Structures are given as C-alpha cells and as structure tokens.
Amino acid sequence: CSGAAELLAVGDELYLLRKGELWKADKDKKLTKIASGMDESTDGIEQTVNKDFIVSCWNGVVYYVKPDGHKEQLLDTRPEKLSSADIGFDAKNNIIYVPTFYGNKVVAYQLK
C-alpha cells in the first residue's frame, strides 16, 4: 500500500521511505528527513556506490536522490500503466532492475 514504509540498513544507519519521503535513523534513533516531494507510493530503496539513493514507487516512478535531498526523476511508466514491483541494484555494473506488475517483464537501466 502507499502508506507502507520500506527500509534499507547501511552500517549504523537505517533509511526508510514513508509516503514520498526518505528518512534516515541513526544509531541513537534520531530521525532526519533527507528528501520529500516524491510520489506517495514509494516502496523500494537502494544505495549506490557513491552513497546516493535510488527510490522506486509502486505506481512506476523511479527517483535518483542525493543525500542533500536533491532528487531527479529517472523513470515514469505511469502513462504505460506498467507499475513497478520494487527494484534491484547491481552496484558493480551500476544497473537498476525494475520488475513490472503489469508488463510481465524486468527492465534494466544503467546509470551513467
């Protein structure tokens, strides 16, 4: 559902998504908002080798988010009504894998 939070643990930090926002919780349980204004269906998060984030939304939008909160929309499959089923990330080859709900396929995109 669009209200579900998705999590990513990195070292002593926990990153979580909640209704279009990316948050960080440190080891002392202090919450810091990293980014907001994304589609409220956020559901997948991966970290790149340079410590940025890839955030997916189940409705088909994928964002590239920097730790300072700057975000860029990488993909929008809403017009095709494919929706995304979370994401996977191959850090070695810098490839995002986006399974689709309704397209019956997995699409791969290489970050440049």
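Across the range 16-112, Cα pairs under 8 Å and at least six residues apart give a relative contact order of 17 percent. For Lys66, neighbours were defined as the other residues whose beta-carbon sits under 11 Å from its Cβ, and their charges (Lys and Arg +1, Asp and Glu -1) total -1. Scalar couplings 3J(HN,Hα) for the range 98-112, obtained by applying the Karplus form with A = 6.51, B = -1.76, C = 1.60 to θ = phi - 60°, are 10, x, 10, 5, 9, x, 6, 7, 10, 10, 10, 10, 9, 6, 10 Hz; x denotes Gly and Pro. Expressed as a whole percent, the accessible surface of the chain that belongs to carbon and sulfur atoms is 49, based on a 1.4 Å probe. Dipole size of the chain about its Cα centre, with +1 on Lys/Arg Cβ and -1 on Asp/Glu Cβ: approximately 60 debye, rounded to the nearest 20. Close amide-amide hydrogen proximity is noted between Val107 and Val98, Thr100, each under 5 Å apart and 5 or more residues distant or on a separate chain (H modeled in the peptide plane; Pro and chain starts excluded).
Averaged per residue, what accessible area in Å² does the range 70-112 show with a 1.4 Å probe, protein chains only? Display every interim value, and only then the final one.
Numbers: 2990 Å² over 43 residues.
On a per-residue basis, the range 70-112 sits at 70 Å².
Can you list the aspartates and glutamates whose alpha carbon sits under 12 Å from that of Lys30, skipping same-chain ones fewer than 8 residues off? Output for Lys30: Asp12, Glu13.
The values are calculated or read from the model by the stated rules, or taken from the named source; none is laboratory data. The structure presented is a predicted model; accordingly, all values stated were derived computationally and were not measured. Glycine gets a Cβ as well: all are built from the backbone with ideal geometry, and neighbour counts include every protein chain shown. The protein model used for the area step is the full one, side chains on, heavy atoms only, and it has no ligands, DNA or RNA in it. Shrake-Rupley method; radii C 1.70, N 1.55, O 1.52, S 1.80 Å.
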